[in-house]
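Visitor: Have a look at the structure that comes next, please.
The values are calculated or read from the model by the stated rules, or taken from the named source; none is laboratory data. Here the structure is a predicted model, which means the values were calculated and not measured. Neighbour counts run over all protein chains shown; Cβ positions are idealised from the backbone, glycine included. SASA here: full protein model, heavy atoms, side chains in, ligands and nucleic acids out. Shrake-Rupley method; radii C 1.70, N 1.55, O 1.52, S 1.80 Å.
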Amino acid sequence: MGIRVRFAPSPTGYLHIGGARTALYNYLFARHNNGKFILRIEDTDEVRSTKESVDAILKGMKFLGLDYDEGPFINKKGEIEEKGNFGPYFQTQRIFLYKDFVDKLLKEGKAYKCYCTVEELAKKRELSNLEKRPPKYDNHCRHLTHDQILNYEKEGRKPVIRFFNDGLGETKFNDIIKGEISFNNSLLDDFVIVKSSGIPIYNFAVVLDDALMEISHVIRGDDHVSNTPRQIMLYKAMGLKIPEFAHIPMILGGDGARLSKRHGATSVLAYKDMGYLSEALVNYLSLLGWSTSDSQQIFKFNELIEKFDLYRCNSSAAIFDNKKLDWMNGEYIRSKTKDEFFELAVIELEKSGLITREKAIEKKAELEKILSLEHEKVKHLTEIPELYDFMLLDEINYNEKDAEKVFKKDPVNTKKILVEINEEMKKIGNFSAENIEKLFREYSEKNNIKTSLIFHPVRVATSGRAKGPSLFHYMEILGKEKVMSRINKTLSKYFN
RNA sequence: GGCGCGUUGGUCCAUCUGGUUAAGACGCCACCCUCUCAAGGUGGAGACAACGGGUUCGAGCCCCGUACGCGCUACCA
């Protein structure tokens, strides 16, 4: 009776945005209902499945914070281990579990061996295409004679096993998200359930795994809707309990096509590398297909668990909007405490070579002051180095465009102002933002110069750019000496 | 081709079992704040609910059809 759901990716690539959302919805549904969340790797595609993909998926899950009750995970030694009582959790390792079911289906005449080769089938398919008929298997091997079978075997043909579909009646199910969906059984053919390699086909393995793992709700992408009737037929044929189904719509790229590499990064880990917080990604993804009636946008993780409702999911595809994700990421970065932001910033700063971790921790108080200058401006963590480099570098980099614009407009007066203000600053005892501002404003008044004609040049002269934090505040942190020497350096670089 | 699913402003979506000036968020624009850039605040433009029929006193919400999009139709998952 307990709720058990699973996320079952195939390891043929990294964990992408679509898979991540499927995983998230499963997770949220399980946690909301005090159920179990299971991770199962569907690696029955022996050609495309890779170990690297398994790693990438596991890492992606970890980054998103989607912890599961059962399934494979990477242990402290970096090896893959499994937890849970319904294992194994790799589909290929479960093959031995399927044998009895296959034998039973065979014995009961609900499945049969088919000796047609892929070439033969391809030819038939081509023909029916030519004749504009639906490409359906022609049931050629349904009733082979003993001799025919012997002959095929002698030829060395390895059979596949097909499900015997009588084509009678219809298969319907009530999808939690899409409502009632029905299919006419006569439209489905005798589909393959076990490949000639002995490895079961997805539609068969998924049924057995879900049944054996006692999955109560199958929550997956709606590209599986059309597969569901086949699976239900199998559940029925094997006398297994049919779970509830919930098919969540696809995520599309800006051009309305299915989200893919062409639309930029689709790997969850790539988003991490681009400076997105997992909280932001999770929050954004949660809203791509689901919403509350009051259209709440920002949710704490626990709040998501509390409020998430599968029945309120949308049934139509959604376009992934990077702009909104960016906004949300900014919201989450802004909501970080000083300490948290410090930790996040150190990682980026260290990555860019601006500071070492040791040094950052040694000068934590000062660094935190610097960081607070631009904290609210950060949209991606990766912007941090370029936002603060002028505060951390001895030698500033001038943005030539800004320098040109600010210095060359009125070089004579600008030079005069810079020289004079630099001289004036010597007088400041306590080099505080307040005192600097006071001095600047007095100088402006005394000489009847617009403040902007002072502020802008000083900003570029001390930071190398026209954009930046509050002028006097960063000057205070920089200190009188650095400020004055930077102005002098600017003077000799641009005004000689 | 067949079958299935979908279609509310540029985007995500609300409108719970038919009765609202069709709400909110992102983005966009303007103004305010201001030493710049952001952030924040205020306001604004933008949808006659794909289209066409019905049912009903009344439909974005129900029914039918059309168009368009997506998915499945593999010894892929």
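Visitor: Taking a virtual spin label 7 Å from the Cα of A:Asp273 along the C-beta vector, which residues in segment A:10-34 bring their backbone nitrogen under 11 Å of it?
Guide: none
Visitor: Right, another one. Only helical DSSP H runs with n ≥ 4 go in: add -39500 (n - 2.57) per run for chain A, normalise by residue count and round the 222 nm mean residue ellipticity to 500 deg cm²/dmol. Don't skip to the answer; put the middle values down first.
Guide: Numbers: 21 runs with 235 residues, N = 496.
Helices in chain A give a 222 nm mean residue ellipticity of -14500 deg cm²/dmol.
Visitor: Write down the percent of antiparallel bridges among all DSSP beta bridges whose residues are both part of chain A, to the nearest 5. Don't skip to the end; give the middle numbers.
Guide: Numbers: 20 of 35 bridges.
Bridges in chain A are about 55 percent antiparallel.
Visitor: Would you be so kind as to identify which of A:Ile199, A:Ala433, A:Asn139 lies farthest towards the positive end of the dipole of chain A, taking Lys and Arg as +1 and Asp and Glu as -1 on Cβ and the Cα centre as origin?
Guide: A:Ala433
Visitor: On full extension of the chain, what length is gained from A:His140 through A:Glu383, given 0.36 nm per residue of separation minus the C-alpha to C-alpha distance? Display every interim value, and only then the final one.
Guide: Details: separation 243, 0.36 × 243 = 87.48 nm, distance 6.30 nm.
The A:His140-A:Glu383 span can extend by a further 81.2 nm.
Visitor: Still on this model: Run a plain Debye calculation on chain A (Cα atoms as equal point scatterers, no solvent) and give log10 I(q)/I(0) at q = 0.06, 0.07, 0.10 Å⁻¹, rounded to two decimals, same order as the q list.
Guide: Each listed q corresponds, in turn, to -0.45, -0.56, -0.86.
Visitor: Can you pull the three principal axis extents for the Cα set of segment A:400-494, in Å, largest first?
Guide: Computed over segment A:400-494, the largest-to-smallest principal extents equal 32, 27, 22 Å.
Visitor: Which three lengths, in whole Å and largest first, does segment A:249-344 cover when its Cα atoms are put on their principal axes?
Guide: Cα spread of segment A:249-344 along its principal axes, largest to smallest: 41, 33, 18 Å.
Visitor: Over segment A:93-248, calculate the relative contact order: mean separation of alpha carbon pairs under 8 Å at least 6 apart, over the residue count, as a percent. Spell out each step's value before the answer.
Guide: Working: 199 pairs, mean separation 34.7, N = 156.
For segment A:93-248, the relative contact order is 22 percent.
Visitor: Which GluC sites (Glu not before Pro) does segment A:9-76 hold that lie in a coil by DSSP with at most 14 other beta carbons within 10 Å? Can you show the working numbers first?
Guide: Details: sites: A:Glu42, A:Glu46, A:Glu52, A:Glu70; in loops: A:Glu42, A:Glu46.
Loop-located and lightly packed - A:Glu46.
Visitor: At 1.4 Å probe radius, can you tell me the per residue accessible area of chain A in Å²? Intermediate results must be reported in sequence, preceding the final value.
Guide: Values: 25240 Å² over 496 residues.
So chain A comes to 51 Å² accessible per residue, rounded to a whole number.
Visitor: May I ask you to derive the relative contact order of segment A:280-433, considering only C-alpha pairs under 8 Å and at least 6 residues apart, and to give it as an integer percent? Don't skip to the answer; put the middle values down first.
Guide: On the way: 93 pairs, mean separation 29.4, N = 154.
That works out to 19 percent.
Visitor: Here is a follow-up. Give the Rg/Rh ratio for segment A:1-132, taking Rg as the radius of gyration of the Cα atoms and Rh as the Kirkwood radius, to two decimals. Kindly include the intermediate steps, with their values, before the conclusion.
Guide: Values: Rg = 19.0 Å, Rh = 17.3 Å.
Reported Rg/Rh, Kirkwood definition of Rh: 1.09.
Visitor: For a quick check of your reading of the filter: which trypsin sites (Lys or Arg not before Pro) in segment A:179-248 sit in a DSSP loop and have no more than 14 other Cβ atoms within 10 Å? Kindly include the intermediate steps, with their values, before the conclusion.
Guide: Numbers: sites: A:Lys195, A:Arg220, A:Arg230, A:Lys236, A:Lys241; in loops: A:Lys195, A:Lys241.
Listed in order of number, the matching sites are A:Lys241.
Visitor: Right, next: When only C-alpha pairs under 8 Å and at least 6 residues apart count, what is the relative contact order of chain A, in percent?
Guide: Normalised by residue count, the contact order of chain A is 12 percent.
Visitor: Stokes-Einstein D for segment A:93-248 at 25 °C, 0.890 mPa s, Kirkwood Rh over Cα pairs, in µm²/s? It would help to have the intermediate numbers written out before the result.
Guide: Details: Rh = 16.8 Å.
After rounding, the answer is 146 µm²/s.
Visitor: Between A:Asp223 and A:Ser295, how high is the FRET efficiency from 1/(1 + (r/R0)^6) when r is the Cβ-Cβ distance and R₀ = 30 Å? Nearest 0.05. Present the calculation step by step, with values, prior to reporting the outcome.
Guide: On the way: r = 28 Å, r/R0 = 0.93.
That gives a FRET efficiency of 0.60.
Visitor: Treating cross-link reach as a plain straight distance, find the lysines whose alpha-carbon is under 28 Å from the alpha-carbon of A:Lys241, omitting any fewer than eight places away in the same chain.
Guide: A:Lys36, A:Lys83, A:Lys99, A:Lys104, A:Lys107, A:Lys110, A:Lys113, A:Lys172, A:Lys178, A:Lys195
Visitor: To continue, here is another question. Hand me the GluC sites (Glu not before Pro) from segment A:377-425 located in a DSSP loop with no more than 15 other Cβ atoms within 10 Å, in residue order please. Don't jump to the answer; show the numbers that get you there.
Guide: Details: sites: A:Glu383, A:Glu386, A:Glu395, A:Glu400, A:Glu404, A:Glu420, A:Glu423, A:Glu424; in loops: A:Glu395.
Answer by residue number: A:Glu395.
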